Structure formats: structure tokens, C-alpha cells
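Novice: There's a structure below that I have some questions on.
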Amino acid sequence: MTDYSDLAEKLESRARTYVWDSAVFYASDAETMRQAAAAIRALMAEREWRPIESAPRDGTEILCWPGLRKPETAVTGAWLDTRGGPCWVELGVGHHNGYWRPTHWLPLPKGPAS
């Protein structure tokens, strides 16, 4: 698997030295390398698990990390208003309101283009 953090660092490092090693004409190449490194870092940040406190509470379906429940596997869930009151609901397998307390979340990825 690719170490994206290492790749971004290599791009940034090469962009710094590229301008000094080459003619000013190549400054745009160095800027492209910096932009690519920034894009890699932004994508990495999107893939980081976020605290559940920052999750949307409007019924948006998200990927949840179940916390202490075993087996520890990510599931889809949403904050919904149920008969027992608003709570986290694990989608697709039943309700765990009152007992199911996810600790982290991620937005669901977009589906395939075709």
C-alpha cells in the first residue's frame, strides 16, 4: 500500500529543490508539485476517522465505528428520531438505540460513476 504521507513529503521536498536546481522557467512545475502534495494531504485528511460528536445529526447516512461493541467493524448508521427519542441507529441490521454508541465516523464515499 502506498504511504501517501511519504509521497506528499517527497513532492514538497522536490518542489523546494526543483526551483533552485533549474531555471526560473520550471517554477510552474514546482508549483504543480506543491499543489499535488496539498491535494494528497487533503485526501488523507478526508479518510481520517472523526469524533462522533462532529457527525451530522440530520439523518445523513454515514460510516460509523462502533466503539466497544464486538466485533469491531465499521457499519452504516444515522442519527434519527425514533419512538424512544433521537439516537444513533445502525442501518441495515436493526436498531441499537440506547446501547449502540459509535465513537467515530466518516462520510460515505460517492458511488461509482457508471
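The values are calculated or read from the model by the stated rules, or taken from the named source; none is laboratory data. Fair warning: this is a prediction, and the values are worked out from it, not measured in the lab. Using ideal geometry, Cβ is built from the backbone for each residue, glycine included, and neighbour counts are taken over all protein chains shown.
Novice: Can you tell me which residue is farthest from residue 55 (Cα to Cα) among those in the range 98-114 that are in contact with a Pro (Cβ under 9 Å, 6 or more places away or on another chain) and at pLDDT below 85?
Specialist: Result: 100.
Novice: Inside the range 36-49, can you point out the residues that are at pLDDT below 85 and part of a loop (DSSP other than H, G, I, E, B)?
Specialist: 47
Novice: Filter the range 50-88 down to residues that are farther than 25 Å from residue 111 by Cα and assigned to a loop (DSSP other than H, G, I, E, B) and give me whichever is nearest to the chain's Cα centre (by Cα).
Specialist: Looking at the filtered set, the residue picked out is 67.
Novice: Take the residues in the range 50-73 that are surrounded by 14 or more Cβ atoms within 10 Å (Cβ to Cβ) and at pLDDT below 85, then tell me which one is farthest from residue 101 (Cα to Cα).
Specialist: Per the stated criteria, the residue is 69.
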